[in-house]
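Asker: The structure is given below, and queries will be raised subsequently.
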Amino acid sequence: MSKDKDLVEKISRLSRLKIDENEIEGFIKNFKDILNYIDLLNSVKIVEDSKDIEIYNDYAVRDDSQVEKLSNEEVLLNASNKEGKFFAVKKVIEED
Amino acid sequence: MNKSIEDIYKGYLKKEFTPTEILNQYLDRINKVDKSLNSFTEIFETKVKKDSKKLDNLFCDEKNISNPLFGIPISLKDIFLVKDSICTCGSKMLKNYVSNYNSTVYEKLNNLNVLLIGKNNMDEFAMGSSTETSFFGPTANPWDQSRVPGGSSGGSAAAVSAGLSCISLGTDTGGSIRQPASFCGVVGMKPTYGRISRFGMIAFSSSLDQAGPITNTVKDSAIVLDAISGFDSKDSTSLNLKPTNSYQSLINDKFSFKDFVFGVPSSLLEEGLDTEVKSRFDELLSSLKSLGAKLIDIELPHAKFSVATYYIIAPSEASSNLSRFDGIRYGFNDNGYENQDLVETYIKNRSLGFGEEVKRRIMLGTYSLSSGYYDAYYLKAIKVKKLIENDFKEVFKKVDAVLTPTCPELPFKLGEKKNDPLQMYLSDILTIPANLAQLPAISIPIGLSSNNLPIGVQLASDKLNENAMMKMAYLIEQEVSFSKTSLNI
């Protein structure tokens, strides 16, 4: 169980989330059920380098021209903390 | 109650009622019924009343009513941005988020003078099949209020079914339009991936998400599809195509069941189907045959891997898409930024702002994409997705549509699956393949169970083949003539 708990803690940190201590056990159970089910894919035979699995990404790119943008005020509209024209967060640069 | 777009449009042309009179009928009904259904997150009563007054003046001159969507009361799943109003996406994270631009689909409908009544409840960030994960409480099924309306577009389907709005737009990533449409006895349609712009629609899984109409009739579905489809330079996955003309082809072309070949993937339907769903579906197949439709048995060998494939791709993309919600630029903020470092701020805002299912999916996605697992999970899933697409490609050489029940089961009880996410995921087993293969698909009501719950059938067609799909759906709709007389709400 503690190995599972370590993994959940690692993944939650990577996800920038925290799972409450009293919810961890239920979470691990559900997570394991889902991962076991997903392992079904191991039974799919894939012929590598086959044309069958060629994947294209033919997304459109718009013209490189100026487009209408949101104003500074509009961008800051939903920010909880702002200073002047900027979003406010705790200083991230170490002082000498 | 339950007027179609055509009913209202004809009424306007004959001057039987004004836009304000129609709007008031819907608002009255919402006031009476929605306390028990909870299908709306917000009603724009003052604004929409003002809008309808404007239309009352325009409507005197017939020239102004040149499109069937004029003065139609609509609602939108609360995932579509409407400038200057709140868009919650069913989440505490966005409960105060004010949109500062319009989604393309809303912009298009607004230009056609629709009346936007409000926004519909939904599973948080469209993650769910029951509308129970909404921060704003679950929506009830109008046919039986102890049951779920399906999800994630459950508010939209419940509202259209109960006559609280004439049409609604939903979004469909793994069945989120079709499954609630089936559970609520209405028509729900997901077009080909890329048909409709996703600009201004909050992203869940970008390679699968697609908007579409939830309506009372197939014709209404066609009218809305034609109005909202077409290329949009603001969405890089938008297909460079003109809007569809499915409504015109529906009313002008001559067609019958004899023109179409339907494929039924029998082996996929051998297990797990509710007996009443199965018998109603089998009855439909017999009547289609007797009407001259050609039915053939087909194989989709990789379709059984759809749910597993989906639950790698969708959470992976969600974990990336939802990383934008940090509570700093927008979103729920716990307000203690001066005293904690940046990562702690993110963790606090996100942990308090997201609900349980959203956290689970973000973590599932982060896990599948993390170092050492990417090849085994995400890359593998992308390849299986391609194999599923190939299966359909092969099938569409022989058939015009693949026919299955929309859901393997009847609407389930509120709370029944809430603690068992895997069981909830499996209820999308028949709808997910169309998303993975990027196909258009539609759910139409075909009858009621012995305890008065709707049953739906799903038609999936080849990519970009919406016109033919609408024709087949229309023929089935006419044949079954589904009635709502036993809907008591």
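Asker: Given (1) over 30 Å from B:M201 (Cβ atoms); (2) small (G, A, S); (3) touching a helix residue (DSSP H, G or I) at 6+ places or on another chain (Cβ under 6 Å); (4) assigned to a helix (DSSP H, G or I), where does B:S319 come up short, assuming only one miss?
Answerer: The number of the failed condition is (1).
Asker: Given B:N390, B:N335, which one is within 26 Å of A:E21 (Cα to Cα) and within 9 Å of chain A (Cβ to nearest Cβ)?
Answerer: B:N335
Asker: Could I ask something else about it? If you take the residues of the stretch A:1-31 that are open to solvent by 80 Å² or more (accessible area, probe 1.4 Å) and within 20 Å of B:L422 (Cα to Cα), which of them is farthest from the other protein chains (Cβ to nearest Cβ)?
Answerer: Among them, the one singled out is A:E25.
Asker: Only one of these conditions is not met by B:K83: (1) basic (K, R); (2) part of a helix (DSSP H, G or I); (3) free of Cβ contacts under 8 Å to residues at least 40 places away in the same chain. Which number is it?
Answerer: (2)
Asker: Something else: With respect to the numbered conditions (1) in a loop (DSSP other than H, G, I, E, B); (2) surrounded by fewer than 21 Cβ atoms within 10 Å (Cβ to Cβ), which one is the sole condition not fulfilled by B:Q423?
Answerer: Answer for B:Q423: the failing condition is (1).
Asker: If a residue has to be assigned to a helix (DSSP H, G or I) and facing another protein chain (nearest Cβ under 9 Å) to count, how many in the stretch B:323-332 make the cut?
Answerer: So the count comes out to 1.
Asker: If a residue has to be open to solvent by less than 10 Å² (accessible area, probe 1.4 Å) and more than 19 Å from the chain's Cα centre (by Cα) to count, how many in the stretch B:454-478 make the cut?
Answerer: 2
Asker: Within the group B:Y101, B:Y106, which residue is open to solvent by 70 Å² or more (accessible area, probe 1.4 Å), of a type outside the set (K, R) and touching a residue at least 40 places away in the same chain (Cβ under 8 Å)?
Answerer: B:Y101
Asker: With respect to A:D63, determine if the residue is open to solvent by 100 Å² or more (accessible area, probe 1.4 Å) and at pLDDT below 75.
Answerer: no
Asker: Filtering the stretch B:88-124 down to residues that are away from every other protein chain (no Cβ under 14 Å) and among the hydrophobic types (A, V, I, L, M, F, W, C), which residue is farthest from B:S153 (Cα to Cα)?
Answerer: B:L112
Asker: Continuing with this model, one more query. How many residues are out of contact with any helix residue (DSSP H, G or I) (no Cβ under 8 Å at 6 or more places or on another chain), open to solvent by less than 70 Å² (accessible area, probe 1.4 Å) and aliphatic (A, V, I, L, M) if we restrict to the stretch A:70-89?
Answerer: Selection size over the stretch A:70-89: 3.
Asker: Need the failing condition index for B:I347 against (1) in contact with a Ser or Thr (Cβ under 9 Å, 6 or more places away or on another chain); (2) within 29 Å of B:Q423 (Cβ to Cβ), just the number.
Answerer: (2)
Asker: Looking at the structure I just gave you, is B:T406 hydroxyl-bearing (S, T, Y), at the interface with chain A (Cβ under 9 Å from one of its Cβ atoms), open to solvent by less than 30 Å² (accessible area, probe 1.4 Å) and touching a helix residue (DSSP H, G or I) at 6+ places or on another chain (Cβ under 6 Å)?
Answerer: Taking the combined requirement at face value, the residue does not satisfy it.
Asker: How many of the residues making up the stretch B:434-458 are assigned to a helix (DSSP H, G or I) and over 14 Å from B:I177 (Cα atoms)?
Answerer: Residues flagged as assigned to a helix (DSSP H, G or I) and over 14 Å from B:I177 (Cα atoms) within the stretch B:434-458 amount to 1.
Asker: Can you pull out every residue in the stretch B:237-250 that is within 14 Å of another protein chain (Cβ to nearest Cβ) and either surrounded by fewer than 15 Cβ atoms within 10 Å (Cβ to Cβ) or assigned to a helix (DSSP H, G or I) (or both)?
Answerer: Passing the criteria: B:N240, B:L241.
Asker: If you don't mind, another one. Restricting the search to the stretch B:350-387, which residues are more than 9 Å from chain A (Cβ to nearest Cβ) and either among the polar types (S, T, N, Q) or not in a helix (DSSP H, G or I) (or both)?
Answerer: Passing the criteria: B:G355, B:S371, B:G372, B:Y373, B:Y374.
Asker: Would you check if B:T215 is modelled with pLDDT of 95 or more and either touching a strand residue (DSSP E or B) at 6+ places or on another chain (Cβ under 8 Å) or among the basic types (K, R) (or both)?
Answerer: For B:T215, the condition - modelled with pLDDT of 95 or more and either touching a strand residue (DSSP E or B) at 6+ places or on another chain (Cβ under 8 Å) or among the basic types (K, R) (or both) - is met.
Asker: Would you mind finding the one in B:T275, B:T345 that is open to solvent by less than 30 Å² (accessible area, probe 1.4 Å) and farther than 26 Å from B:L208 by Cα?
Answerer: B:T345
Asker: Shifting gears a bit: Being out of contact with any Asp or Glu (no Cβ under 8 Å at 6 or more places or on another chain), open to solvent by 40 Å² or more (accessible area, probe 1.4 Å) and assigned to a helix (DSSP H, G or I) is the filter here; which residues of the stretch B:11-36 pass it?
Answerer: Within the stretch B:11-36, B:E21, B:N24, B:Q25, B:D28, B:R29, B:N31, B:K32, B:K35, B:S36 meet the criteria.
Asker: Enumerate the pairs (first residue in the stretch A:69-96 and without any contact (Cβ under 8 Å) to a residue 60 or more places away in the chain and more than 7 Å from chain B (Cβ to nearest Cβ); second residue anywhere and in a loop (DSSP other than H, G, I, E, B) and open to solvent by 100 Å² or more (accessible area, probe 1.4 Å)) with beta-carbon separation below 6 Å, excluding pairs fewer than 6 apart on the same chain, so at least 6 apart or on different chains.
Answerer: From the stretch A:69-96, the pairs are A:N72/A:K85.
Asker: Report, ordered by the first and then the second residue, all pairs with beta carbons closer than 7 Å, sequence separation of six or more or different chains, a first member in the stretch B:300-317 that is more than 9 Å from every other protein chain (Cβ to nearest Cβ), and a second member that is open to solvent by 10 Å² or more (accessible area, probe 1.4 Å) and part of a loop (DSSP other than H, G, I, E, B).
Answerer: From residues that are more than 9 Å from every other protein chain (Cβ to nearest Cβ), the pairs are B:S306/B:I429; B:I313/B:S207; B:E317/B:S206; B:E317/B:S207.
Asker: Return the residues of the stretch A:32-60 that are modelled with pLDDT of 90 or more and either touching a Phe, Trp or Tyr at 6+ places or on another chain (Cβ under 7 Å) or more than 7 Å from chain B (Cβ to nearest Cβ) (or both); say none if nothing qualifies.
Answerer: Once the filter is applied, which keeps residues that are modelled with pLDDT of 90 or more and either touching a Phe, Trp or Tyr at 6+ places or on another chain (Cβ under 7 Å) or more than 7 Å from chain B (Cβ to nearest Cβ) (or both), the stretch A:32-60 yields A:K32, A:I34, A:L35, A:N36, A:I38, A:D39, A:L40, A:L41, A:N42, A:S43, A:V44.
Asker: Would it be correct to say that B:I72 is out of contact with any helix residue (DSSP H, G or I) (no Cβ under 7 Å at 6 or more places or on another chain), within 22 Å of B:A158 (Cα to Cα) and surrounded by 18 or more Cβ atoms within 10 Å (Cβ to Cβ)?
Answerer: Spelling it out, it is not the case that B:I72 is out of contact with any helix residue (DSSP H, G or I) (no Cβ under 7 Å at 6 or more places or on another chain), within 22 Å of B:A158 (Cα to Cα) and surrounded by 18 or more Cβ atoms within 10 Å (Cβ to Cβ).
Asker: Is it the case, given these coordinates, that B:T215 is open to solvent by 10 Å² or more (accessible area, probe 1.4 Å) and more than 14 Å from chain A (Cβ to nearest Cβ)?
Answerer: no
The values are calculated or read from the model by the stated rules, or taken from the named source; none is laboratory data. From a predicted model like this one, the values you see are computed outputs, not experimental measurements. Virtual Cβ from ideal backbone geometry, glycine too; neighbours counted across all protein chains shown. Keep in mind that these areas ignore ligands, DNA and RNA; they rest on the heavy atoms of the full protein, side chains included. Shrake-Rupley method; radii C 1.70, N 1.55, O 1.52, S 1.80 Å.
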